[in-house]
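Here the structure comes first, spelled out in structure tokens, and everything after it is commentary.
The values are calculated or read from the model by the stated rules, or taken from the named source; none is laboratory data. Quick caveat: nothing in here was measured; it's all calculated off a predicted structure. Every residue, glycine among them, receives a Cβ derived from its backbone with ideal geometry; neighbour counts consider all protein chains shown. Note: accessible area is taken over every heavy atom of the protein model, side chains too, but ligands, DNA and RNA are not part of it. Shrake-Rupley method; radii C 1.70, N 1.55, O 1.52, S 1.80 Å.
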Amino acid sequence: MPDHDVDLFIIGAGSGGVRAARIASNYGARVMIAEEYRVGGTCVIRGCVPKKLLVYASRFSAEFEDAAGYGWSVPETTFHWPTLIANKDREIARLEAAYVSTLERYKVELVRSRAVLEDAHTVRLATGARVRAETILMATGGAPYHGAQIAGLEHVISSNEAFHLKQLPKRILIQGGGYIAVEFAGIFSGLGSQVTLVYRGDNILRGFDDDVREHLRKEMEQRGIKVITRQTVAAVEKVDHGYDVELSDNEQVMADLVMFATGRKPNVHGLGLEAVGVKLGVTGGIAVDEFSHTSVPNIYAVGDVTNRVNLTPVAIREGHAFADTVYGGKPTPVDHTYVPTAVFSEPEIGVVGLTEAQARERFAIVDVYKTSFRPMKATLAGRDTRCFMKLLVDGKTNRVVGCHIVGADAGELIQIVGVAVRMGATKADFDATMAVHPTAAEELVTMREKAMSYGRAAAE
Ligand SMILES: Cc1cc2nc3c(=O)[nH]c(=O)nc-3n(C[C@H](O)[C@H](O)[C@H](O)COP(=O)(O)OP(=O)(O)OC[C@H]3O[C@@H](n4cnc5c(N)ncnc54)[C@H](O)[C@@H]3O)c2cc1C
């Protein structure tokens, strides 16, 4: 009789949990995974994937408009939200089934239940059944967080509900300035809603490069999105035709739907973590070392529940590295530097590496190269939009330490730039690379003039 029912019990079948399950099982571990909602987790069910499908839908309106300058006459278009949602739901169901069959193929036992820790080696399921495990992996992800209690908070939706609306709101107020807020602002605006974005800070996208923040805000406003900063939603009142939203400066905004995208919190509550001695870190996630090891010897944690870099590819990498470390005999730390990322706003953002402010803090000399130009496609279309690109270079080594792009396909571009930056490419390497013409991306290898160069007197 084995000491434990399973070698590994994973709580949460999202990006991190499923990858860890598959790899650990491949190494020969007996693995059980519990999921309380739907297999695939946030990314597949109510995050990256459905969001990107809505982003694609939202971009057709501009394409129809732009077509005229290229000689097309597009008959009057109409948009049917229920069709989009039904098609999206079908695709998500297909992906969920694919995840389930992957688990089956890898002989991972799936339990469709909430699971919590009873002690360091025992997991309790919703039925009260107990499973003994040698090792436990917490992969419970995160959840939307609405912030302060305000009057009428019960009327407010989060991104979770936005994917299941019965109809497209004519007017939507979105509170938040992070990537999810600006992405949904672009989605609703592109689909024809009147969008007001309310954010308490000075400018949207805190943590991004200041030039990027400024550029995106301008572009969003140009597309008709009303951006209100330094305000918060103070109260939401249900009235006859929608909601009367009161802002902190007493301004009233009428909306048919109010959505908060005010941040996400790691799912750490009610899991029995404290009783077992799993410590939390300063950001509220489960504290882990570079091998995703928690403060309890046989318990690990990966993905958003650790609140490190909350992105799907990072959760997947952490889950994989955990399995390599514990079951593959290959201790594998995860490197969280130079993680390329995209914001599927309109226009899109792609970023890898440091912001200008971070680079100036870290390096004695920082050279800044930037360009803003009208993309070729916009010329005949007559669209008033600009593309922005910026490279940050460590002036001592000539290494490119940051790349920021705002413009069409920035997410696609930054994946490849990410390889170069990670490999330690210098500005000279960028310059020596032949341009691909005519593209927007060629600007990345043809920026010759420094926009600025910062030096610190007391540099090392
Ligand atoms: C709207 C939105 C858009 C996003 N867009 C992007 C994007 O474009 N690109 C990107 O890289 N990332 C994006 N993300 C982030 C990405 O979805 C997460 O970083 C990723 O899903 C984290 O994976 P995870 O495995 O840590 O957690 P999750 O995928 O959240 O999985 C955790 C799972 O655990 C389950 N669970 C929780 N508690 C229990 C319990 N006690 N018992 C059983 N099951 C439990 C949950 O139901 C969930 O299925 C987006 C997120 C959101 C919300």
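Some notes on this structure:
- Elements of type helices (runs of 4 or more DSSP H) contained in segment 1-97, each with 3 or more residues being touching a helix residue (DSSP H, G or I) at 6+ places or on another chain (Cβ under 8 Å) and more than 10 Å from the ligand (Cβ to nearest atom): 15-26, 48-67
- Going through (1) farther than 26 Å from E412 by Cβ; (2) touching a residue at least 12 places away in the same chain (Cβ under 8 Å) one by one, G71 falls short only on (2).
- When M254 is tested against the conditions (1) part of a loop (DSSP other than H, G, I, E, B); (2) closer than 26 Å to I187 by Cβ; (3) out of contact with any helix residue (DSSP H, G or I) (no Cβ under 7 Å at 6 or more places or on another chain); (4) open to solvent by 40 Å² or more (accessible area, probe 1.4 Å), the lone failure is (1).
- Of all residues in segment 259-280, those satisfying the criterion of being within 21 Å of the chain's Cα centre (by Cα) and within 25 Å of V233 (Cβ to Cβ) are M259, F260, A261, T262, G263, R264, K265, P266, N267.
- Sole residue being out of contact with any Gly (no Cβ under 6 Å at 6 or more places or on another chain), under 15 Å from F344 (Cβ atoms), at pLDDT 95 or above and not hydrophobic (A, V, I, L, M, F, W, C), chosen from G192, G186: G186
- The test for being of a type in the set (V, I, T) and open to solvent by 50 Å² or more (accessible area, probe 1.4 Å) holds for T77.
- Flag for V421 being among the β-branched types (V, I, T), at pLDDT 95 or above, crowded, with 19+ Cβ neighbours inside 10 Å and out of contact with any helix residue (DSSP H, G or I) (no Cβ under 7 Å at 6 or more places or on another chain): yes
- Taking the numbered list (1) farther than 21 Å from A57 by Cα; (2) part of a helix (DSSP H, G or I); (3) open to solvent by less than 60 Å² (accessible area, probe 1.4 Å) in turn, A378 passes all entries but (1).
- Checklist (1) in contact with a helix residue (DSSP H, G or I) (Cβ under 9 Å, 6 or more places away or on another chain); (2) more than 27 Å from A62 (Cβ to Cβ); (3) part of a helix (DSSP H, G or I) applied to I187, failing item: (2)
- Among the conditions (1) open to solvent by less than 70 Å² (accessible area, probe 1.4 Å); (2) under 27 Å from the mean Cα position of the chain (by Cα), the only one that E412 does not satisfy is (1).
- Residue in segment 167-183 that is within 28 Å of S15 (Cβ to Cβ), near the ligand (Cβ under 10 Å from one of its atoms), polar (S, T, N, Q) and under 23 Å from the mean Cα position of the chain (by Cα) present: no
- In segment 225-240, the qualifying residues are those that are assigned to a loop (DSSP other than H, G, I, E, B) and in contact with a Lys or Arg (Cβ under 8 Å, 6 or more places away or on another chain), and the one that is farthest from V195 (Cα to Cα) is R230.
- On the stretch given as segment 135-155, residues that are more than 14 Å from the ligand (Cβ to nearest atom), part of a loop (DSSP other than H, G, I, E, B) and on the phi < 0 side of the Ramachandran plot total 3.
- Being surrounded by fewer than 21 Cβ atoms within 10 Å (Cβ to Cβ), assigned to a loop (DSSP other than H, G, I, E, B) and under 17 Å from the mean Cα position of the chain (by Cα) holds for only one residue in T332, T337, T283, and it is T337.
- Looking only at segment 286-307, and only at residues there that are assigned to a strand (DSSP E or B) and in contact (Cβ under 8 Å) with a residue 40 or more places away in the chain, the one that is most open to solvent (accessible area, probe 1.4 Å): Y300
- Residue in segment 119-134 that is outside any loop (DSSP other than H, G, I, E, B) and closer than 14 Å to G14 by Cβ present: no
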